[in-house]
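Remarks on the structure that follows.
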Amino acid sequence: MRRSNGIWACFLIAACLVTAACSSHVETSRAGQTGQDGATLFEGARVITGDGTAIEEGAFVIEKGKFTSVGKKGEIAATPGTARVDLTGKSVMPTKTDLHGHLGFENIIEGTTSKENFTRANLIDHLERYAFMGFGAVVSIADLAEREIMPGDHLDVYQAKRDPNMPKTGRFPWGDVPVKVAQEVIPNAALFRTAGPGISWPGSGAQGAPARNDVMYPVTTPEEAREAVRDYVKTKPTFVKIWMDDRDGKIKNMPPAVYEALIDEATKHDTYVAAHTVTLKDAMGLYKAGLVGSVHAPVRGGDHPDAAFLALVRERVKTSKFPLWFSEHGNSNALGPEAWDDPLLWEMLPRDQVMSFLGESIKRMTPEAVAQARKSSKGTGDDAKKLIAAGMKLVYGSDNGSAGRGFGWYEQLRFENWITMGFTPMEAIVMATRDSAEIAGIDTGMIAVGKSADFIVLDADPLENIANTRRIDQVYLRGQEVDRAGMRSRWQAKWKRPVQTQ
């Protein structure tokens, strides 16, 4: 029902009073409140369930943080004491899950990236920003956590950067913040899971900010690879992450004997490996060895999945204990500069800060550059569809963690970019909700009985335009409304305002 005039509104108020008098066991409620029995009935919205279907004038009940009933409005009976929330005219969808974040290192207010920033408070700030934008969970990769120092001369390079007197055995004193936070359920914050520090050939792991370059296990032999995995799994990571990238020939790549030992050792510990990989040749070797996940498209950088690789994928899908998956977001410039000028962004980050980091790259998004980016994204999407047809799951991964982008907003843009890759809004929603949550091993991502009550209330229909997923009215995590207004106030109170001149 759309907004009414004053007379009609008065009529509705009167009708509600009569209904309440006749049916005292049912309480009306504003969103965020619960009834006397702890249950709340939400009704009237288009309910996008996360499995590829939508219920017009849908309804659902949440109780004790779970969905207990889902169906059509009028078909779900409210028990005595149940509160009601009218969502007529709204759209509802599950919260999204990010399988490839890089959290903790960035101080968003200061615009700095460092190991010193990796504190519990800073990590929670990032998780709150995810929640603000409708993400219910995130798996972070290359996290700063204690790990065994691997023996070998290649450690000299890493130790020289910190303490040349540090013994070559023992543990890096980096603490266990991500491990502990992964065990918590924090109000108003997305669930956090860690994929640990990662493993790479020395120097070929995480690039970009120097603070992130040396957090992974450096391995050069099969024995070191197995030792690294045995230490890695002590923290119960979502998966073991490795890098397979020679950085355009500048760095030596991990040889097959090393990654084969690594994948075999992970299998022995009932977990699996997900890789950053680029070339078709490397992808063939990795998947033959038992690779399960790819944190980007498994074949990229000018290579494309050929018939032999797709046949290998189809065979692996039949025999793998774990679903084969990859994440890919295409070329984000395909959305154009307009995507970076939205009131929702300026609620999270000051405009001048964003422009100081990204202003020049935004200026380079000319019509010609955007057209080329869209062509690139479409080509990436065509390859992705071949992998999906072979049985792999495309799941959401932002690969965010660079200074200036913040958290939440950039993830939103990369979600929308699936449309430039050639996917429909419904396909994008399913992949970012149900499928991503399944791979993360988190009980969310669907509006279905028994699932965690994590959902987004939108003011417009995302099936008509994926950008309508920005028009967030409310976010609920585990049955409780996220305090988005409180977050805005806290963030903006910390902003550094430009000096005013006379």
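Could you sort 68-74, 94-100 so that the peptide with the highest average Cβ count within 10 Å comes first and the rest follow in order? If you can, show how the numbers build up before the last one.
On the way: 68-74: 15.9, 94-100: 29.7.
The peptides rank, most packed first, as 94-100, 68-74.
Among residues other than ASN331 whose Cβ falls under 11 Å from its Cβ, what is the net charge (Lys/Arg +1, Asp/Glu -1)?
Details: positive: ARG374, LYS375, LYS378, ARG414; negative: GLU328.
Summing Lys/Arg as +1 and Asp/Glu as -1 gives +3.
With the Cα gyration tensor of region 267-345 giving a ≥ b ≥ c as the square roots of its eigenvalues, does the rule (a/c under 1.5 for rounded; else a/b larger than b/c for prolate; else oblate) give rounded, prolate or oblate?
Since a/c reaches 1.5 and a/b is larger than b/c, the shape of region 267-345 is classed as prolate.
Gain in length, HIS304 to ILE251, computed as 0.36 nm per residue apart minus the alpha-carbon separation, to one decimal in nm? Walk me through the numbers before you get to the answer.
Working: separation 53, 0.36 × 53 = 19.08 nm, distance 2.24 nm.
Separation in residues times 0.36 nm, less the Cα-Cα distance, equals 16.8 nm.
Amide H of ASP473 versus every other amide H placed in the peptide plane: which residues, excluding those fewer than 5 positions away on the same chain, fall under 5 Å?
Sorted by chain and number, the residues that satisfy this are VAL457, LEU458, ASP459.
Find the Cα radius of gyration of the chain, compare it with 2.2 N^0.38 Å by division, and give the number to two decimals.
Numbers: Rg = 24.1 Å, N = 502, 2.2 N^0.38 = 23.4 Å.
Compared with the compact-globule rule of thumb, the chain sits at 1.03.
Which order do the peptides 443-449, 394-400 take when ranked by the mean count of other beta-carbon atoms within 10 Å per residue, highest first?
Details: 443-449: 20.7, 394-400: 25.4.
Per-residue Cβ counts within 10 Å, averaged per peptide and sorted highest first, yield 394-400, 443-449.
Roughly what angle does helix 367-389 make with the longest principal axis of the chain, taking Cα atoms, 0 to 90 degrees, to the nearest 10?
Rounded to the nearest ten degrees, it is 80.
Can you tally the lysine pairs in region 342-459 where the Cα-Cα distance is under 27 Å and the two residues are eight or more apart, or on different chains?
Lysine pairs satisfying the spacing and distance rule in region 342-459 number 9.
Tell me, what is the FRET efficiency for LYS288 and LYS268 to the nearest 0.05, using R0 = 22 angstrom and their Cβ-Cβ distance as r? Intermediate results must be reported in sequence, preceding the final value.
Details: r = 18 Å, r/R0 = 0.82.
About 0.75, to the nearest 0.05.
Based on alpha-carbon centroids, what's the gap between region 231-283 and region 108-125 in Å, whole number please?
Each part reduced to its Cα centre gives a spacing of 28 Å.
By DSSP, what percent of the beta bridges with both residues in the chain are antiparallel, rounded to the nearest 5?
Numbers: 27 of 58 bridges.
Here the antiparallel bridges make up roughly 45 percent for the chain.
Remind me, relative contact order of the chain in percent, using alpha carbon pairs under 8 angstrom and six or more residues apart? Walk me through the numbers on the way to the answer.
Values: 1051 pairs, mean separation 92.6, N = 502.
Relative contact order here is 18 percent.
Enter the angle in degrees (range 0 to 90, nearest 10) between the Cα long axis of helix 256-268 and the first principal axis of the Cα atoms of the chain, meaning the one along which they spread out most.
The two axes meet at around 50 degrees.
We did not get these values from a lab; they are worked out from the coordinates using the rules stated. Keep in mind that this is a model prediction, so the values were computed, not measured. Cβ coordinates were reconstructed from backbone atoms using ideal geometry, including for glycine residues, and neighbour counts include every protein chain displayed.
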